[in-house]
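The values are calculated or read from the model by the stated rules, or taken from the named source; none is laboratory data. Here the structure is a predicted model, which means the values were calculated and not measured. Cβ placement follows ideal geometry from the backbone for every residue including glycine, while neighbour counts extend to all protein chains displayed.
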């Protein structure tokens with residue numbers, strides 16, 4: 001994937017194309033909600049790949065030991081090296097391509 | 001019904017049919033993609049993460065947690081950015097909202113489950129349904145018909161959870 005890939009710019013284009021289409025407003029709203037769900041769904045598998053397995057197991061075995069601070073550290077630690085960010089962007093890229101293809105197939109051009 | 005009304009009705013019907021088709025295609029593609037990706041997560045990992053997230057969020061405001069996760073990730077980005085490539089840092093800043101959103105929000109309950117829970121707790125299904133509808137209406141109103149570039153930017157921000165939460 002292009003290293004200059006910018007998920008925000010691509011999503012902005014998708015929103016613009018849907019907005020400018022002749023779809024009913026109710027369908028546009030549903031599409032926006034569906035796409036937002038898809039974007040979030042792209043994050044979890046990546047996040048779970050990069051979190052500390054030991055920490056996850058330890059916390060889940062002893063939920064009483066879970067504090068908000070510990071949880072936030074646990075999430076943030078996964079992104080320490082920057083690799084997780086690259087993977088999230090790659091994953092977003094894949095889901096964005098799926099959305100663009102579906103829209104193209106439906107007669108909503110992306111360019 | 002006169003000719004103009006008939007043409008108008010046909011136009012709305014055609015738009016609705018196209019809308020249904022677009023939604024089906026987008027939904028099908030996303031469902032397939034999400035299913036494939038999530039198949040890489042084991043049930044035990046998913047369960048462990050849900051347990052931990054649920055416990056961490058207990059008694060907390062989801063919005064508040066999201067802000068804290070986001071701040072923490074942004075601090076990490078700035079720290080890393082000083083030592084690495086600036087464009088990478090910029091990209092990282094763009095995805096932190098999504099990550100924070102996933103970290104801070106519990107999975108929404110499907111409506112059928114919510115209705116069942118409402119019955120179990122003695123709350124009328126109708127009352128629960130109207131509550132869900134009110135939430136959906138409020139949500140829809142926020143996303144409704146972006147009129148200009150600023151409006152579209154707002155939709156994108158909400159999609160990437162950069163300017164608030166999208167609890168659906």
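Here are a few things to note about the model shown:
- Residue tally, condition at the interface with chain A (Cβ under 8 Å from one of its Cβ atoms) and over 21 Å from the mean Cα position of the chain (by Cα), over the range B:39-54: 3
- Scoring residue B:68 on the criteria (1) surrounded by 12 or more Cβ atoms within 10 Å (Cβ to Cβ); (2) farther than 23 Å from residue A:34 by Cβ; (3) more than 24 Å from the chain's Cα centre (by Cα) leaves a single failure, condition (3).
- Of the helices (runs of 4 or more DSSP H) lying entirely inside the range B:1-87, those containing at least 2 residues that are modelled with pLDDT under 85 are B:3-38, B:62-83.
- Qualifying helices (runs of 4 or more DSSP H) (wholly inside chain A; at least 2 residues being crowded, with 19+ Cβ neighbours inside 10 Å, facing another protein chain (nearest Cβ under 7 Å) and in contact (Cβ under 8 Å) with a residue 40 or more places away in the chain): A:7-20, A:25-41, A:43-50, A:83-105
- Qualifying residues in the range B:15-38 (those that are more than 7 Å from chain A (Cβ to nearest Cβ) and within 15 Å of residue A:107 (Cβ to Cβ)) - the one surrounded by the most Cβ atoms within 10 Å (Cβ to Cβ): B:20
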